[in-house]
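The values are calculated or read from the model by the stated rules, or taken from the named source; none is laboratory data. In this text, all values refer to a predicted model and were calculated from it rather than measured experimentally. FYI the Cβ positions are ideal-geometry reconstructions off the backbone, even for glycines, and counts take in every protein chain you see.
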Amino acid sequence: MKSRLLILAIVAMGILVLAASCPSDDSSPPPVNLTPVASFTRTPASGNSPLEVDFDGSASSDPDGTIASYHWGFGDGTTASGVAATHTYSTTTTRTFTATLTVTDNGGKTASATRTVTVYAATEPPPSAPCNCAGPDLDCADFSTHAAAQACYEYCLSQGYGDVFRLDGDNDGSACESLP
């Protein structure tokens, strides 16, 4: 009886040793590199030329890693890199520029976000305020068009109020997108 138990114990131990020395069958695929999210602010969003604008991409993120690089295109042929940048726009006529932030994550995937900057010629006054940023609370129902809501949203951002009326519900830089 003791010899049978001894034999069973030796066999069991041999099976464990063999199992431990076999390579694992880890057939799971390598992890997928998820796309990062590019997001930025620009302050102010409009003003007279020359207009100095601060860009901040620190809200960008990567769900499965880190942002490895930030590349800025300012819409006038100039570029910069880094999480934040300052750019001065100069123009002799009123123009709207599209600034682009492209982020690259530590796995090599990229994502981009854009925002517009309107620069008025130094001789042209900026348009009157489209809304009172410190006034009564507004929502999308108070605007007849997307353009009117966007003008209020951008004006309040440029004056340092931020999205005071929460017109950009999804933080994509576009206010009241459901309006015509």
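Which of the residues that make up the stretch 43-59 are within 13 Å of the chain's Cα centre (by Cα) and surrounded by 20 or more Cβ atoms within 10 Å (Cβ to Cβ)?
In the first step, residues of the stretch 43-59 are kept if they are within 13 Å of the chain's Cα centre (by Cα); the result is 55-59.
Within the stretch 43-59, Phe55, Gly57 meet the criteria.
Within the stretch 116-131, restricting attention to residues that are under 20 Å from Phe55 (Cα atoms) and out of contact with any Lys or Arg (no Cβ under 8 Å at 6 or more places or on another chain), the residue that is surrounded by the most Cβ atoms within 10 Å (Cβ to Cβ) is Tyr120.
Within the stretch 89-101, one or more residues are touching a residue at least 60 places away in the same chain (Cβ under 8 Å) and either in a strand (DSSP E or B) or more than 14 Å from Thr114 (Cβ to Cβ) (or both).
Output the residues belonging to the stretch 141-168 that are farther than 19 Å from Thr43 by Cα, out of contact with any helix residue (DSSP H, G or I) (no Cβ under 6 Å at 6 or more places or on another chain) and not β-branched (Val, Ile, Thr). Give the derivation first.
Here is the first cut: in the stretch 141-168, the ones farther than 19 Å from Thr43 by Cα are 141-148.
Next, from what is left, pick out any that are out of contact with any helix residue (DSSP H, G or I) (no Cβ under 6 Å at 6 or more places or on another chain): 141-142, 144-148.
Hits for the stretch 141-168 are Ala141, Asp142, Ser144, His146, Ala147, Ala148.
Being hydroxyl-bearing (Ser, Thr, Tyr) and modelled with pLDDT under 85 is the filter; apply it to the stretch 116-143 and report the residue that is nearest to Ser178 (Cα to Cα). First the steps, then the outcome.
Of the stretch 116-143, the ones hydroxyl-bearing (Ser, Thr, Tyr) are 116, 118, 120, 123, 128.
Those still in the list that are modelled with pLDDT under 85 too: 123, 128.
Numbers: Thr123: 35, Ser128: 25 Å.
It comes out as Ser128.
Filtered by the rule that a residue be in contact with a Leu (Cβ under 7 Å, 6 or more places away or on another chain) and within 25 Å of Arg95 (Cβ to Cβ), the stretch 124-142 gives a lone residue, Cys131. Here Ser58, Ser49 are screened, and the one residue that is closer than 30 Å to Ser128 by Cβ and of a type in the set (Ser, Thr, Tyr) is Ser49.
The set of residues in the stretch 140-167 that are in contact (Cβ under 8 Å) with a residue 60 or more places away in the chain and assigned to a helix (DSSP H, G or I) comprises Glu154, Tyr155, Leu157, Ser158.
Conditions (1) under 23 Å from the mean Cα position of the chain (by Cα); (2) surrounded by fewer than 13 Cβ atoms within 10 Å (Cβ to Cβ); (3) at pLDDT 95 or above; (4) within 30 Å of Phe143 (Cβ to Cβ), marked per residue:
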residue	(1), (2), (3), (4)
Pro29	no, yes, no, no
Thr41	yes, no, no, yes
Ser61	yes, no, yes, no
Gly75	yes, no, yes, yes
Gly82	yes, yes, yes, no
Thr86	yes, yes, yes, no
Leu101	yes, no, yes, yes
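When the residues of the stretch 132-162 are filtered to those that are among the aromatic types (Phe, Trp, Tyr) and under 19 Å from Phe55 (Cβ atoms), the one that is surrounded by the most Cβ atoms within 10 Å (Cβ to Cβ) is Tyr153. Quick check: anything in the stretch 104-115 buried (at least 16 other Cβ atoms within 10 Å of the Cβ), modelled with pLDDT under 90 and either of a type in the set (Val, Ile, Thr) or under 19 Å from Tyr155 (Cα atoms) (or both)? Scanning the stretch 104-115, I find no residue that is buried (at least 16 other Cβ atoms within 10 Å of the Cβ), modelled with pLDDT under 90 and either of a type in the set (Val, Ile, Thr) or under 19 Å from Tyr155 (Cα atoms) (or both), so the answer is no. Consider the stretch 157-180 and keep the residues that are polar (S, T, N, Q) and within 16 Å of the chain's Cα centre (by Cα). The one that is modelled with the lowest pLDDT is Asn171.
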